[in-house]
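The values are calculated or read from the model by the stated rules, or taken from the named source; none is laboratory data. The structure presented is a predicted model; accordingly, all values stated were derived computationally and were not measured. Ligands, DNA and RNA are excluded from the accessible area calculation, which covers all protein heavy atoms including side chains. Shrake-Rupley method; radii C 1.70, N 1.55, O 1.52, S 1.80 Å.
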Protein chains: 2
Amino acid sequence: MFQQLGLIGCGLMGGSFALALKRAGLVKHVVGYSKSPSTTERAKRLGAIDAAAESALLAVAGADIVLIAVPVSATEATFKAIRHLMEPGVLFMDVGSTKRDVVDAARRALKEQIGGFVPAHPIAGKEQAGIQHADAALYTGRQVILTPLPQTEPALVQKATDVWSAIGAQVLKMTPDNHDAAFAAVSHLPHLLAFAYFSAVAKQPGGKDFLSLAGPGFRDFTRIAASDPTIWRDILLANREETLKQSTRFRHALDALEHVIRSGNAEALEDLIRSASEGRAAWHMGSPPSPAAAPAR
Amino acid sequence: MFQQLGLIGCGLMGGSFALALKRAGLVKHVVGYSKSPSTTERAKRLGAIDAAAESALLAVAGADIVLIAVPVSATEATFKAIRHLMEPGVLFMDVGSTKRDVVDAARRALKEQIGGFVPAHPIAGKEQAGIQHADAALYTGRQVILTPLPQTEPALVQKATDVWSAIGAQVLKMTPDNHDAAFAAVSHLPHLLAFAYFSAVAKQPGGKDFLSLAGPGFRDFTRIAASDPTIWRDILLANREETLKQSTRFRHALDALEHVIRSGNAEALEDLIRSASEGRAAWHMGSPPSPAAAPAR
């Protein structure tokens, strides 16, 4: 399907994409660039890339598909570094967990070339970052959100849809704003809460001993607290308004629960818990969203 | 090791204990009582119990080990129902997630007979309650906290230690107050937060569509939000003071994170996240606690 993938950023997300395309026979050659030469070297040894480029720009040269898999805060600089080699018909995508800021950065850096960029967010990841955790199956069965702009080339949106589908992902389209509102709720806020919760327990007197008693509920609840600090610093800052809005909603729900606990209202407490419990028991990952969730533009 | 187990409450916890003792060849006969005859019937069909008793008292008759596995709020009534058949040398245990209230209930109901009761809390569970989810391996590799009182028969504490060890659990001893403080931090608060978080997301406009986009981080973070409403109503009320104290600590940690997000202080935000992330990455379930964590009385 593709001759050459230019991979900018050879971490967990980029490395897994390259491995998935190779495993599916969708690309002949992968040229990768990383800020750190040791990362590029490791990506080569792991078979994620075939050759190392000395710059982001050189990773783009000759590619017919380019994946930008860098921390969200590095998006604009990356676009500026590669725009001189952006050719019509070449598919450019990112993997950023926020989309409003990525689209704004792309507008500033790419100007009239923005039509070649299809913003993408694969809903996949691990709490361990780095190419050493890359996995050809990372995106299998996962959702990928595309947030094309009015200027985005429809043919490239189709190509993007095809390549993610071909590696087993389910593709949805939304506006960047709808994306950021939704992911503040289901991803960015839980990370914020997990960071806050783990810190609160660990830093209190006796916290270390408490942690030694924690069981499987704690293990799963705090798994995302181990996520990469620089990636999450960027996400929480990039999507701060929506995330803080969601945090306010959460605080109201917590207030309501604490109020009935404090007043000893067992019936009201059971009702609140039951509503959450039944809702969560009925939830299944990757349920197809209602048509309203995915307005194409 | 034992002739007859009297099981009061044939749910997930009780049923799993009976199955584990049977699998390990530690008991010859299990007599079970449940409020609902259909539960007892199911426990019989699943091989967790051999015979159904018509009352809690009758489940105790002839037993040399008794497990009370009822919601925490039913503890006192259960003790009152069975105290007339409490014989010296018979091991009585519970499985409650809170210990201060269970011990108080036992004191009120059992009075001078309290020496026969070894309060126990196995750190195990599933978000699905009920005998149909009982599992002989539920306690394998898990920790069990015993909170014996000054009056508790040392020989029974030893028996309790032996039986949990024999089914693969690791036994620790603490005071009821230390237990409740620790589990408010590592179990009761996370449940409260998970209930609040799931409700906040689900009940907002567009919440249903947001939920359809949630990925594996959300799945793990909210797993405990599906926990049993009556059990968690009881736990949160029984341990309300410690849980609310922990919630205050959590809110301070959340305030600190939100403050640096709002002010755009990327460096301070990264530091806060890194401290949580490194702490969580270094944590492993069931690490042996320091001696200070487990004062024997």
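The alpha carbon centroids of the stretch A:4-67 and the stretch B:52-127 are separated by 62 Å.
If you build a Gaussian network model of chain B, linking Cα atoms that sit under 10 Å apart, which residue out of B:LEU269, B:LEU213, B:LEU236 swings the most? Answer for the Gaussian network model of chain B: B:LEU213. For the stretch B:179-282, the solvent-accessible area works out to 33 Å² per residue, with a probe of 1.4 Å and every protein chain left in place.
Only protein atoms count toward the accessible area here, which uses a 1.4 Å probe; on the protein assembly as shown, the carbon and sulfur part of that area reaches 53 percent. Mean-square fluctuation check for chain B, GNM, Cα pairs under 10 Å: which of B:GLY14, B:GLY89, B:GLY115 is largest? Comparing B:GLY14, B:GLY89, B:GLY115 in the GNM, the peak value goes to B:GLY89. Computed from backbone phi, the HN-Hα couplings of the stretch B:196-201 come to 5, 5, 4, 4, 4, 6 Hz, rounded to whole numbers (Karplus: 6.51 cos²θ - 1.76 cosθ + 1.60, θ = phi - 60°; Gly and Pro given as x).
Remark: accessible area buried at the B-A interface is about 8200 Å², both chains counted, probe radius 1.4 Å. Rounded to the nearest Hz, the phi-derived 3J(HN,Hα) couplings of the stretch B:229-239 under the Karplus curve 6.51 cos²θ - 1.76 cosθ + 1.60 (θ = phi - 60°) are x, 6, 4, 7, 4, 5, 4, 5, 6, 5, 10, where x marks glycine and proline. Of all DSSP bridge pairs formed entirely within chain A, close to 10 percent run antiparallel. Using a Gaussian network model on chain A with a 10 Å cutoff between Cα atoms, which of A:SER277, A:SER227, A:SER97 fluctuates the most? The residue with the greatest mean-square fluctuation here is A:SER277. Averaged per residue, the stretch A:60-157 has 35 square angstrom of accessible surface, using a 1.4 angstrom probe with ligands and nucleic acids left out.
I need the shape label for the stretch A:179-282. Rule: rounded when a/c is under 1.5, else prolate if a/b > b/c, else oblate, with a, b, c from the alpha carbon gyration tensor. Here the stretch A:179-282 falls in the oblate category.
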